[in-house]
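The values are calculated or read from the model by the stated rules, or taken from the named source; none is laboratory data. Note that the structure is predicted; figures quoted are calculated from it, not measured. Quick reminder, even Gly has a Cβ in these numbers, built from the backbone with ideal geometry, and neighbours come from all protein chains shown.
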Amino acid sequence: MAADKGLHIVLVLLFAVIATRLIRFVARRISKRLDTGNATDAVLRPESVKHRRAVSSVISSVAIAVLYIVVAVDIANQLGLPIGSLVAPAAVLGAAFGFGAQRIVQDLLSGFFIITEKQYGFGDLVALTVTAGGDPARGTVEDVTLRVTKLRTGDGEVFTVPNGQIVKSLNLSKDWARAVVDVPVPTSMDMNVVNDALRDVSQKAMHDDGLPELLLDEPQLMGVESIEKDTVNLRVVARTLPGKQFEVSRRLRALIVSELRRAGVANPEAAASRTG
């Protein structure tokens with residue numbers, strides 16, 4: 001009898017190991033299938049693909065957790081542990097641990113809403129503001145579970161952020177992005193000459209090597225953004241592919257500096273930019 005129970009426990013544990021590997025294998029296959037035919041750059045994947053990949057990751061982790069619970073209950077039954085009589089003590093113990101587990105529950109609930117509301121998904125470029133304050137955690141989403149979000153920065157570092165501590169999420173790569181370049185020019189310059197030069201930049205950007213593939217439409221000259229004592233700030237904006245606003249703004253600045261020099265505008269190197 002004891003031998004039968006021992007064999008049963010061994011088989012159940014073996015089943016749990018095989019089932020865990022199978023769940024993870026299926027999750028990886030689903031992720032690879034979602035990536036097939038899509039952009040190699042994770043940021044440029046369709047939003048539906050990013051969301052489905054995050055959901056598949058969560059489902060696999062939840063399935064493994066449920067599997068372990070079922071296996072633990074079955075083993076307890078085989079060992080003759082009184083599961084029914086343990087319910088009341090477990091409830092008391094659960095209430096005691098509940099106060100200490102509030103943060104974990106908060107993480108799980110926050111992760112659930114992050115995924116269901118499609119705030120961000122695998123491959124998105126995000127900036128997460130946490131309750132501890134300081135600079136936002138910024139990087140590319142490498143993994144999203146119900147409890148944590150993992151981001152990889154441009155330097156290769158990895159942030160692990162508990163979902164319950166996220167108070168604000170800024171998605172920099174959802175659907176499309178915008179490159180904004182502010183160009184300060186001396187007030188002594190002829191604004192018509194400067195405007196013509198910047199419009200030429202917009203047209204040349206659509207024929208520049210590699211830049212049209214990053215743009216959704218031709219950059220637009222918005223006109224005078226602000227006036228200071230010695231300079232007038234003109235603004236050029238461009239809609240870009242998600243996550244490519246920084247590269248586009250750098251390349252636009254190079255074109256602007258070259259065109260302003262050609263037009264005889266003084267100090268074009270002073271052009272400053274920001275992205276949004």
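State yes or no: is Val224 in the same structural domain as Ser110 (by TED's automatic domain parsing) and part of a strand (DSSP E or B)? Lay out the reasoning, then the answer.
Values: in the same structural domain as Ser110 (by TED's automatic domain parsing): no; part of a strand (DSSP E or B): yes.
Against the criterion (in the same structural domain as Ser110 (by TED's automatic domain parsing) and part of a strand (DSSP E or B)), Val224 does not qualify.
Across the stretch 86-107, a minimum of one residue is classified as assigned to a helix (DSSP H, G or I) and at pLDDT 80 or above. Annotation: Leu214 fulfils all but one of (1) within 19 Å of Phe246 (Cα to Cα); (2) modelled with pLDDT of 90 or more; the unmet one is (2). For Asp196, only one of the following conditions fails: (1) out of contact with any Pro (no Cβ under 7 Å at 6 or more places or on another chain); (2) within 28 Å of Arg138 (Cβ to Cβ); (3) assigned to a helix (DSSP H, G or I). What is its number? Among (1) out of contact with any Pro (no Cβ under 7 Å at 6 or more places or on another chain); (2) within 28 Å of Arg138 (Cβ to Cβ); (3) assigned to a helix (DSSP H, G or I), the lone unmet condition for Asp196 is (2).
Okay, residues lined up against (1) in a strand (DSSP E or B); (2) surrounded by 18 or more Cβ atoms within 10 Å (Cβ to Cβ):
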| position | (1), (2) |
| --- | --- |
| Gly134 | no, no |
| Val141 | yes, yes |
| Gly154 | no, no |
| Val161 | yes, yes |
| Leu170 | yes, no |
| Ser173 | no, yes |
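When the stretch 219-240 is limited to residues that are in contact with a helix residue (DSSP H, G or I) (Cβ under 7 Å, 6 or more places away or on another chain) and in contact (Cβ under 8 Å) with a residue 60 or more places away in the chain, the one that is farthest from Asp182 (Cα to Cα) turns out to be Thr240.
Residues Pro186, Pro162: which one is more than 32 Å from the chain's Cα centre (by Cα) and not small (Gly, Ala, Ser)?
Details: Pro162 fails: more than 32 Å from the chain's Cα centre (by Cα).
Just one listed residue meets the conditions, Pro186.
Taking the conditions (1) among the polar types (S, T, N, Q); (2) modelled with pLDDT of 90 or more; (3) touching a helix residue (DSSP H, G or I) at 6+ places or on another chain (Cβ under 7 Å) in turn, Thr160 satisfies each one other than (3).
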